[in-house]
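Peer 1: Take a look at this one; I'll ask things after.
The values are calculated or read from the model by the stated rules, or taken from the named source; none is laboratory data. Computed from a predicted model, the values in this text were never measured in an experiment. Ideal geometry is used to build each Cβ from the backbone, glycine not excepted, and the neighbour counts take in all protein chains shown. Calculation scope for accessible area: heavy atoms of the full protein, side chains included, ligands and nucleic acids excluded. Shrake-Rupley method; radii C 1.70, N 1.55, O 1.52, S 1.80 Å.
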Amino acid sequence: MPLTEPNRRTFNHAALVAAMQSLDSVDTGADFVTWTKTDFHRALAHGAFMGCVGKVLAQGVQPMTVVSANFPDECMGSSAQPHARCSTFLMQSWLQSGQPQLFDLRCDAHAPALGCLKAFKASGLHNIVAHGLFDINREHVSFFSFHQLTHPPRAEQAMLLRLIVPGMHAALLRCLRSQGEAPRHLAPQAPALTSRETQVLSWICHGKSNSEIASILQVSPHTVKNQAQAVMIKLKVNTRAQAAAQAMRHQLVH
């Protein structure tokens with residue numbers, strides 16, 4: 001079945017899974033940019049993108065590498081300068097909350113007063129979603145922002161970023177390693193599952209069906225189906241057997 005563009009209510013789960021799988025073939029910064037324009041664009045349609053890996057400092061983030069597509073130079077700020085400090089409102093807001101950032105600059109009258117968002121609005125970079133990930137020591141961070149979404153951002157796009165940013169983080173680090181720039185201790189983390197996803201995964205490892213798991217956890221089979229799908233997306237697998245194997249490999253369940 002051909003992949004279709006996401007609609008206003010949700011995102012294309014099949015396109016998201018395909019994009020996560022194709023991340024394995026990303027080896028350079030140019031590959032990463034191409035991936036955002038093609039495979040990931042099918043899961044989250046956008047007009048401009050910026051991503052970076054940097055060292056966490058007291059007053060912001062010192063960029064180590066920056067990748068972008070259709071992102072105006074005037075909006076790059078210090079992100080494009082090696083050894084400078086990137087301290088935009090967008091990144092600072094994420095650093096403080098740890099949550100995906102959603103902005104509809106056409107409707108939020110207060111947004112233009114918030115640092116970099118003024119430049120974003122002036123450049124037509126409306127409808128923003130952004131998210132990032134710390135390394136295990138919280139010394140380095142990957143941060144990604146997508147602009148000019150076809151519709152104002154919603155909670156569904158925030159969930160999409162929570163699912164795929166760990167894979168993007170790992171891919172961009174791989175690109176750094178190929179250039180000899182990545183810190184040796186900066187390694188991809190095991191997938192982070194919620195407590196309920198861990199419960200579902202545990203019963204999957206026991207060979208239980210969605211209906212059986214729903215009965216055990218006293219939730220609907222539809223809820224279990226969604227949670228099982230989220231688990232497989234995070235683990236980058238296609239089958240329940242592969243999910244169980246990954247669970248054992250990463251010691252995600254007892």
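Peer 1: Suppose each label sits 7 Å from its Cα in the direction of the beta carbon; what would the ALA241-ALA18 distance come out to in nanometres?
Peer 2: Here the modelled spin labels are 2.5 nm apart.
Peer 1: Give me the distance in nm between label points sitting 7 Å out from Cα along the Cα-to-Cβ direction at SER97 and SER25, one decimal.
Peer 2: With each label placed 7 Å out from Cα toward Cβ, I get 3.6 nm.
Peer 1: Quick one: accessible surface of ASP24, probe radius 1.4 Å, all protein chains present, in square angstrom to the nearest 10.
Peer 2: Probe radius 1.4 Å; accessible area of ASP24 about 100 Å².
Peer 1: Next question. Could you report the accessible area of PHE32 in Å², rounded to 10, computed with a 1.4 Å probe on the protein chains as they sit in the structure?
Peer 2: 0
Peer 1: Any idea of ARG196's accessible area? Nearest 10 Å², probe 1.4 Å.
Peer 2: Rounded to the nearest 10, the figure is 80 Å².
Peer 1: Alpha carbon centre of segment 197-248 versus segment 38-52: separation in Å?
Peer 2: 29
Peer 1: Give me the extension gain from SER211 to HIS151: residue separation times 0.36 nm, minus the current Cα-Cα distance, reported in nm with one decimal.
Peer 2: Length difference between fully extended and current span is 18.0 nm.
Peer 1: Separate question: DSSP loop (so not H, G, I, E, B), at most 10 other Cβ within 10 Å: list which trypsin sites (Lys or Arg not before Pro) in segment 137-166 pass both filters.
Peer 2: ARG138
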